Amino acid sequence: MKHLILICIVVFTTLFSIELSAKDDESIQTVKPFTANRKPTLTIPRFKEGSIIIDGNLDEPMWKQAVSASNFCEIRPGDNTCPPVGTETLIGYDDKYLYLAFIANDNPADIRVSLQDRDRIFRDDFIGIILDTYQSSSWAYELFVNPIGIQGDLRWTNGGDEDESLDILFDSKGIITESGYQVEIAIPFSSLRFPDKPIQSWDFTILRIQPRETRRQISWTETNRDNSCWPCQFGTMTGISNIHSGSSLQLLPSLVGSQSSSLTNSGNPNSGIQNNPLKGEFGLSIRYPFSSNLSAEAAFNPDFSQVESDQALIDVNSTFSLFYPERRPFFSEGADLYQTWINAVYSRSINNPIAAVKLTGGSGHTNFGVLSAVDEETAVIVPLEERSLYGSAGKSITNIARLRHSFTDGSNLGAIVTDRHYDGGGFSVNGGIDGMYRFWDNMQLEGQFLVSSTQEGNLPLVFSSTQTFDKGKFTANLDGEKFSGFASYLGLKRYGRNFTIELTSWQMSSGFRAETGFEPRANQRKTTIWTAYKFYPNGQIVENWQPGFRGGRIWNFDGTIKDGWIDPMLNVQLSGQTSLRFDYLMSAEFFRSTYFDGIKRFSGSINTQFSELFQGELYFTVGRSIARNTEVPVLGKVLSGGGSFTLKPLDRLNIQQSIDFSQLDYPTGENIFKGAVLRTRLNYQHSRELSVRIVVQYDSFSHDLRFEPLISYKLNPFSIFYIGSTNRWHNFYEEHVPGSNEYFDDALHQSSRSYFFKLQYLFQV
């Protein structure tokens with residue numbers, strides 16, 4: 001540990017000195033005549049209502065009264081430099097809409113554009129607005145369009161994360177012209193949350209992405225890479241007065257039908273397929289915006305099934321539960337509010353709700369959210385020191401309350417309380433505070449503290465484990481025990497143009513539970529460091545390269561060192577939208593009472609999008625890794641790798657192929673496990689509304705083949721029609737018990753199939 005601390009001090013001091021020297025060199029350079037916009041302000045004019053038609057043509061006379069956002073700068077790879085192409089945005093508003101017209105000059109032959117489903121435009125040229133309506137610098141809307149007006153929306157959150165689950169209703173149309181492309185959009189104020197005051201003042205910028213030999217980013221406002229608060233550098237729009245989000249009641253009824261079939265005997269492929277009766281269910285979601293910053297939503301018998309299936313993850317050597325992202329639309333509104341460093345809220349822990357309600361709102365820079373749900377099949381995770389247990393605890397009621405106050409410099413302070421009560425008895429209550437303080441533009445101090453109190457239900461059939469925790473005081477089974485615990489996080493981070501460093505410390509006691517969240521490991525104290533220095537050679541081949549390293553150590557609460565690692569790494573960004581990454585992990589771990597020294601793994605990857613027609617990624621890992629799920633753990637030889645690629649032979653057609661392979665052998669050479677997951681996705685977009693998707697996936701670990709066709713018709717993110725099927729084949733021979741009377745051939749047999757449809761339409765009353 002002393003050596004690790006010494007290395008950190010030397011690296012920190014050396015890199016900091018290099019950066020100061022670099023800044024001195026920059027100070028003597030000749031000032032360029034081009035000057036980027038620094039926190040500009042625009043007064044937005046009011047348009048006559050109904051004077052703009054969203055068709056991509058800017059021939060309405062009212063556009064001549066719009067205010068112009070111009071003088072764009074290149075922020076990547078250039079550093080607030082004059083871009084090679086011109087960009088202009090026209091802005092105005094009326095009682096119901098914020099209007100923007102994007103004019104992007106370019107060579108039409110070079111423009112990358114395709115007819116895609118919503119939110120699948122980010123390989124194309126695209127442009128849009130990033131809008132911070134509360135001027136809080138903690139979250140912002142990202143509303144983008146490609147050159148023909150296909151939409152993509154995200155939610156930016158503090159820390160640079162982007163939430164893809166956000167869905168905003170807005171209108172857009174675009175056309176390609178002789179001098180580039182132009183797009184019109186109209187954003188209803190009813191789709192936005194903003195302060196309830198007579199005159200609005202919103203922070204924003206316009207961002208254009210031009211993917212060519214490099215992924216060029218062109219912005220209306222300058223971006224100082226030594227300032228980690230991106231929204232703090234936005235411009236401001238003022239003058240929007242006397243607008244309201246509207247108080248229209250939104251009704252979202254849905255009708256879901258399905259028919260499933262499965263083997264009469266799930267373990268015997270010769271038992272025949274049994275057809276189950278057709279099922280139909282009606283659901284209803286209701287949303288009412290009381291004001292521009294307060295809305296309520298309720299869902300009764302909601303269909304929270306996912307149309308997009310989860311890609312299979314290789315977990316054959318994992319001892320902890322795997323995390324899957326949330327894709328269900330009900331949870332998208334205000335989802336950024338519940339994100340914390342210690343994951344106290346994981347909405348997928350609400351698995352199959354009968355009903356759910358939520359209230360989202362705020363006043364000024366203070367936001368709050370309340371979420372309650374009645375769940376029929378509640379997932380429960382028991383976190384232990386070296387593994388986690390996963391099961392279903394039946395029905396439950398979940399309540400979550402969140403409050404967060406944001407400051408104009410990006411700092412924030414928040415509190416959270418969660419509560420879950422199970423039908424068969426038992427509860428888990430969790431609460432605490434969190435916050436982040438920014439200083440010196442590029443430094444931030446982060447922290448969180450949570451406590452939990454848990455009373456297990458008496459559910460002996462969920463787990464049958466001999467494991468214990470908290471020095472043997474409690475069992476891992478759900479047998480009515482009561483205990484408590486705490487978790488904490490502290491981080492000091494610096495993000496700069498060249499030098500970056502993160503220092504973090506985590507604690508998770510044996511009795512801590514986040515049953516509404518996702519924290520699968522307990523009884524640990526963890527300290528980590530990550531630091532890197534980025535060089536910008538301004539060459540034609542290498543855009544930037546970044547050497548660095550990460551390291552850390554984990555102890556349990558008895559003081560036993562469980563893990564320690566040092567991992568030097570190198571990232572290189574090349575021209576042609578190509579990047580390379582390499583790292584060499586050196587680690588020692590204490591696992592299941594055995595000390596494993598000499599854990600060494602070399603990993604690398606390459607990612608490229610050099611052509612509009614092709615995007616690809618390859619990765620590999622080779623070295624030594626612990627076999628965790630064998631009867632006696634050993635340090636084996638690991639070889640894993642894979643990759644994915646996307647082909648776009650037609651503007652309307654995308655073909656995605658991926659393969660993930662993993663193999664682990666004993667030191668003697670005998671195999672422990674070996675397998676792969678192959679996944680093919682074909683998507684044909686007939687029109688903006690109608691698409692066909694086919695997914696084929698084979699998992700050699702589970703010996704399963706899945707085939708999932710789907711036809712979708714979307715008027716908008718909420719008014720949709722789906723019809724599809726899920727088919728599963730299984731190879732029973734791989735699980736055949738030698739010596740038994742049953743004989744299974746070495747082939748795939750259909751084990752289940754289902755057909756389903758979903759009709760959902762948004763009514764605004």
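The values are calculated or read from the model by the stated rules, or taken from the named source; none is laboratory data. In this text the structure is predicted, and so the values were computed from the model without any measurement. Note that we place each Cβ from the backbone using ideal geometry, even for glycine, and neighbour counts take in every protein chain shown.
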Requested in this report: Hey, can you tell me all the residues within region 496-535 that are modelled with pLDDT of 95 or more, out of contact with any Asp or Glu (no Cβ under 6 Å at 6 or more places or on another chain) and of a type in the set (Ser, Thr, Tyr)?
Outcome: Thr500, Thr504, Ser505, Ser509, Thr527, Thr528, Thr531, Tyr533
Query - Subset of region 691-715 (residues that are surrounded by fewer than 19 Cβ atoms within 10 Å (Cβ to Cβ), in contact with a Leu (Cβ under 6 Å, 6 or more places away or on another chain) and not aliphatic (A, V, I, L, M)) - result: Tyr713
Report summary line: Within region 677-702, the residues that are within 18 Å of Ser751 (Cα to Cα), in contact with a strand residue (DSSP E or B) (Cβ under 6 Å, 6 or more places away or on another chain) and not aromatic (Phe, Trp, Tyr) are Val695, Val696, Gln697, Asp699, Ser700
Query raised in the report: When region 66-85 is examined, which residues are found to be closer than 22 Å to Ile175 by Cα, surrounded by fewer than 16 Cβ atoms within 10 Å (Cβ to Cβ) and out of contact with any Leu (no Cβ under 7 Å at 6 or more places or on another chain)?
Result: Ser70, Pro84
Report task. Can you tell me which residue within region 418-427, out of those that are modelled with pLDDT under 95 and buried (at least 19 other Cβ atoms within 10 Å of the Cβ), is nearest to the chain's Cα centre (by Cα)? Result -> Tyr422
Report task. Output the number of residues of region 656-708 satisfying the condition of being in a strand (DSSP E or B) and of a type in the set (Gly, Ala, Ser). Result -> 5
Requested in this report: Under 9 Å between Cβ atoms, at least 6 apart or on separate chains: pull out the pairs that start in region 63-77 with a residue that is at positive phi and end on any residue that is among the hydrophobic types (A, V, I, L, M, F, W, C) and surrounded by 17 or more Cβ atoms within 10 Å (Cβ to Cβ).
Outcome: Asn71/Ala36; Asn71/Trp220
Query raised in the report: If you scan region 89-101, which residues turn out to be assigned to a loop (DSSP other than H, G, I, E, B) and either in contact (Cβ under 8 Å) with a residue 60 or more places away in the chain or β-branched (Val, Ile, Thr) (or both)?
Result: Asp95, Lys96
Query raised in the report: Within region 366-378, can one find any residue that is modelled with pLDDT under 90, surrounded by fewer than 17 Cβ atoms within 10 Å (Cβ to Cβ) and not in a loop (DSSP other than H, G, I, E, B)?
Result: no
Query - Those residues of region 206-221 which are surrounded by fewer than 22 Cβ atoms within 10 Å (Cβ to Cβ), part of a loop (DSSP other than H, G, I, E, B) and not basic (Lys, Arg), in sequence order - result: Glu213, Thr214
Report task. Examine region 230-252 for a residue that is in contact with a Cys (Cβ under 9 Å, 6 or more places away or on another chain) and either surrounded by 20 or more Cβ atoms within 10 Å (Cβ to Cβ) or within 27 Å of Phe122 (Cα to Cα) (or both), and state whether such a residue exists. Result -> no
**Report entry** Output for region 146-192, where each listed residue is without any contact (Cβ under 8 Å) to a residue 60 or more places away in the chain, of a type outside the set (Asp, Glu) and in a strand (DSSP E or B)
**Finding:** Gln151, Gly152, Leu154
**Report entry** Per-region count, region 229-249, residues of a type in the set (S, T, N, Q) and at pLDDT 90 or above
**Finding:** 5
Report task. Among what's in region 29-88 and is among the polar types (S, T, N, Q) and not in a loop (DSSP other than H, G, I, E, B), pick the residue that is farthest from Tyr99 (Cα to Cα). Result -> Thr81
**Report entry** Selection status of Ala415, hydrophobic (A, V, I, L, M, F, W, C), under 23 Å from the mean Cα position of the chain (by Cα) and surrounded by fewer than 16 Cβ atoms within 10 Å (Cβ to Cβ)
**Finding:** yes
Query - Checklist (1) outside any loop (DSSP other than H, G, I, E, B); (2) modelled with pLDDT of 95 or more; (3) under 20 Å from Ile218 (Cα atoms) applied to Trp202, failing item - result: (3)
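Which one of these is of a type in the set (A, V, I, L, M), in a strand (DSSP E or B), touching a residue at least 60 places away in the same chain (Cβ under 8 Å) and assigned by TED's automatic domain parsing to the domain that holds Gln467: Val345, Val382?
Details: Val345 fails: in a strand (DSSP E or B).
None of the others qualify; the one that does is Val382.
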Report task. Could you check how many residues of region 621-674 are without any contact (Cβ under 8 Å) to a residue 12 or more places away in the chain and either surrounded by 17 or more Cβ atoms within 10 Å (Cβ to Cβ) or under 30 Å from Gln685 (Cα atoms) (or both)? Result -> 1
